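Note sheet for the following structure.
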């Protein structure tokens with residue numbers, strides 16, 4: 001079964017560096033197969049017969065801490081879930097000249113509607129779509145500094161989510177689909 005691990009808060013501003021070649025080696029050493037990474041922000045596709053996402057995330061977190069000397073949060077989603085989330089993104093959100101969009105992948109058990117309510121989307125500015133396990137958020141570029149998703153940092157949900165732009169979310173889904181073919 002195909003899975004995607006999303007590492008939170010690595011390789012940002014030169015901090016908490018995790019080279020992708022080392023990340024692939026750590027994942028392979030854990031017994032995962034077909035390990036590949038996509039861009040430098042900690043997106044890992046892999047295959048395993050295991051199905052417990054929380055157990056896999058904990059195992060990966062432990063291994064990364066042992067390898068790199070710091071703990072980083074990891075969310076694991078099935079390839080099927082990653083594809084479903086990407087399909088929920090409205091098509092026009094891909095035009096980064098007019099609009100920017102992000103996907104906040106949430107830890108298992110978090111309700112996207114509850115998270116959105118805590119962030120307080122603004123009528124006429126924030127466009128919010130809910131998907132199982134994710135909150136999809138978009139604003140016009142002119143309103144970027146008024147984006148309600150930015151308030152995620154000040155909430156208890158901040159440590160329970162990792163954000164990717166819609167282009168990355170779509171690319172991860174395409175990589176999953178390519179593997180299935």
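What do you reckon, is residue 42 touching a helix residue (DSSP H, G or I) at 6+ places or on another chain (Cβ under 9 Å), under 27 Å from residue 137 (Cβ atoms) and not assigned by TED's automatic domain parsing to the domain that holds residue 134? Spelling it out, residue 42 is indeed touching a helix residue (DSSP H, G or I) at 6+ places or on another chain (Cβ under 9 Å), under 27 Å from residue 137 (Cβ atoms) and not assigned by TED's automatic domain parsing to the domain that holds residue 134.
Please specify each residue of the stretch 146-168 satisfying the condition of being closer than 20 Å to residue 86 by Cα, touching a strand residue (DSSP E or B) at 6+ places or on another chain (Cβ under 8 Å) and at pLDDT 80 or above. Outline the logic, then answer.
Taking the stretch 146-168 first, the residues closer than 20 Å to residue 86 by Cα are 149, 160-168.
Still in the list and also touching a strand residue (DSSP E or B) at 6+ places or on another chain (Cβ under 8 Å): 149, 160-166, 168.
Listed by number, the residues that qualify are 160, 161, 162, 163, 164, 165, 166, 168.
Scan the stretch 62-82 residue by residue and report those that are surrounded by 16 or more Cβ atoms within 10 Å (Cβ to Cβ) and in contact with a strand residue (DSSP E or B) (Cβ under 9 Å, 6 or more places away or on another chain). Across the stretch 62-82, the qualifying residues are 64, 72, 73, 74, 75, 76, 77, 78, 79, 81, 82.
If you check residue 59 against the conditions, is it free of Cβ contacts under 8 Å to residues at least 40 places away in the same chain and either farther than 17 Å from residue 162 by Cβ or buried (at least 17 other Cβ atoms within 10 Å of the Cβ) (or both)? First the steps, then the outcome.
On the way: free of Cβ contacts under 8 Å to residues at least 40 places away in the same chain: yes; either farther than 17 Å from residue 162 by Cβ or buried (at least 17 other Cβ atoms within 10 Å of the Cβ) (or both): yes.
Considered against the rule, which asks whether it is free of Cβ contacts under 8 Å to residues at least 40 places away in the same chain and either farther than 17 Å from residue 162 by Cβ or buried (at least 17 other Cβ atoms within 10 Å of the Cβ) (or both), residue 59 comes out as yes.
Scanning the stretch 111-124 for residues that are part of a loop (DSSP other than H, G, I, E, B) and crowded, with 17+ Cβ neighbours inside 10 Å turns up just one, 121.
Can you find a residue that is outside the structural domain of residue 136 (by TED's automatic domain parsing), at pLDDT below 95 and touching a strand residue (DSSP E or B) at 6+ places or on another chain (Cβ under 6 Å) anywhere in the stretch 103-118? The answer is no, given that none of the residues of the stretch 103-118 is outside the structural domain of residue 136 (by TED's automatic domain parsing), at pLDDT below 95 and touching a strand residue (DSSP E or B) at 6+ places or on another chain (Cβ under 6 Å).
Restricting to the stretch 132-145, give me the number of residues that are touching a strand residue (DSSP E or B) at 6+ places or on another chain (Cβ under 8 Å) and either loosely packed, with under 14 Cβ neighbours inside 10 Å or closer than 19 Å to residue 92 by Cβ (or both). Qualifying residue count for the region: 9.
What about residue 85, is it touching a helix residue (DSSP H, G or I) at 6+ places or on another chain (Cβ under 9 Å) and either surrounded by fewer than 18 Cβ atoms within 10 Å (Cβ to Cβ) or assigned to a helix (DSSP H, G or I) (or both)?
Values: touching a helix residue (DSSP H, G or I) at 6+ places or on another chain (Cβ under 9 Å): yes; either surrounded by fewer than 18 Cβ atoms within 10 Å (Cβ to Cβ) or assigned to a helix (DSSP H, G or I) (or both): yes.
Answer is yes for this residue.
Scanning the stretch 17-26 for residues being over 17 Å from the mean Cα position of the chain (by Cα) and closer than 21 Å to residue 164 by Cα gives a total of 4. Evaluated against (1) touching a helix residue (DSSP H, G or I) at 6+ places or on another chain (Cβ under 6 Å); (2) under 21 Å from residue 170 (Cα atoms); (3) modelled with pLDDT under 90, residue 95 falls short on exactly one condition, (1).
The values are calculated or read from the model by the stated rules, or taken from the named source; none is laboratory data. Everything numeric here is computed off the predicted structure, so don't read it as measured data. Cβ atoms come from the backbone with ideal geometry, glycine included; neighbour counts cover every protein chain shown.
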